[in-house]
1. Whole-Hz ³J(HN,Hα) for each residue in region 107-116, computed from phi via Karplus 6.51 cos²θ - 1.76 cosθ + 1.60 with θ = phi - 60°, x for glycine and proline: what do you get?
2. Once amide H atoms are built 1.01 Å from N in the peptide plane, which residues 5 or more positions from Leu121, or in another chain, come under 5 Å H to H?
3. Using the Karplus equation 6.51 cos²θ - 1.76 cosθ + 1.60 (θ = phi - 60°), what ³J(HN,Hα) coupling, rounded to whole Hz, does each residue of region 23-37 give in order, writing x for Gly and Pro?
4. Quick one: if you stick a label point 7 Å off each Cα along the C-beta vector at Ile134 and His52, how many nm between them?
5. Indicate the gyration tensor shape class of region 8-70 (rounded, prolate or oblate), computed on the Cα atoms with a ≥ b ≥ c the square roots of the eigenvalues: a/c under 1.5 is rounded; otherwise a/b larger than b/c is prolate and the rest oblate.
6. Using packing as a proxy for protection, rank 101-108, 44-51 so that the peptide with the highest average count of other Cβ atoms within 10 Å comes first.
Amino acid sequence: MKELEFAEFYRSSRDVCLRAVLAGVGERQLAEDLVAEAFTRAWAVWPKVARHPAPRAWVVRTALNTRVSWWRRRRREVALGEGHDVVESPGGDPGVDPSLLALLRQLPRRQREVIAFRVFLDLDTEATAKALGIAPGTVTAHLSRAVATLRGHLVPTPEAGE
């Protein structure tokens, strides 16, 4: 029973969680690795995750926390200089417009995380605040700033004199 329940959760949630993590980290391969790790951890404690009020948020939060853990372990590695390009996967990102993804990469980390939970997972402000461990007002402020930044890049402004 546990296996079937988890398998259904995985099938129905994988793509949504991947898009949310992708919005949070901005790199396809990294997002895939993080989501795979998060689902592995979810399987290990499935009875706990199944009772969570928002299991998809648990997976996404675990994926984003895993990124921080990986970063801490790797922070002593030598970073590439500015002249190096990141290779994008040829298949593209399912369900995420490449130009939107490029803009999301430019947002500060916390704004990307709020967008991931509020927009991609469709959580309300309270659930997002709880998942991220921040105040609801902070969620609202980050969302407002992120939307204003994205709107400035995506919505054409009328030229003066038109």
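1. So the J values, rounded to whole Hz, are 6, x, 3, 5, 5, 4, 5, 5, 4, 4.
2. Placed amide hydrogens put nothing under 5 Å from Leu121.
3. Rounded to whole hertz, the list is 5, x, 10, x, 10, 4, 4, 4, 4, 4, 5, 5, 5, 4, 4.
4. About 1.9 nm separates the two model spin labels.
5. Cα axes put region 8-70 in the prolate bin.
6. Packing proxy ranking, top to bottom: 101-108, 44-51.
Read the figures in this text as sums done on the coordinates, not as results from a lab. Quantities reported herein were computed from a predicted structural model and do not represent experimental measurements. Note that each Cβ is placed from the backbone with ideal geometry, even for glycine, and that neighbours are counted across all protein chains shown.
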